[in-house]
1. Here's a check for you: in the stretch 7-27, which residue that is under 24 Å from residue 38 (Cα atoms) and surrounded by fewer than 10 Cβ atoms within 10 Å (Cβ to Cβ) is nearest to the chain's Cα centre (by Cα)?
2. Tell me the residue from 77, 60 that is in contact with a strand residue (DSSP E or B) (Cβ under 7 Å, 6 or more places away or on another chain), at pLDDT below 95 and on the phi < 0 side of the Ramachandran plot, please.
């Protein structure tokens, strides 16, 4: 499948793009190259190939989830101007 300059011009119009004649020719050539590559890839027989989630066999090393700091919420709320039920009260900004 290949695109004509008229088709690329219509696509540019729908995308609200303004293309000069030179840009139109260049973009038509580039889009046709991309479509040609897609056609080549579609011809590859992939029936016996197992799909992969990721091309590299990697594992993520995760650290153990440990609490490293003490809960200081009571001391912070003691110096807060206004608090509710274990939360901070702030002035309304948007009405």
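The values are calculated or read from the model by the stated rules, or taken from the named source; none is laboratory data. Since we're looking at a predicted model, the values are computed, not measured. Backbone-built Cβ (ideal geometry, glycine too); neighbour counts: all protein chains shown.
1. Selected residue: 15.
2. Values: 60 fails: in contact with a strand residue (DSSP E or B) (Cβ under 7 Å, 6 or more places away or on another chain).
The match here is 77.
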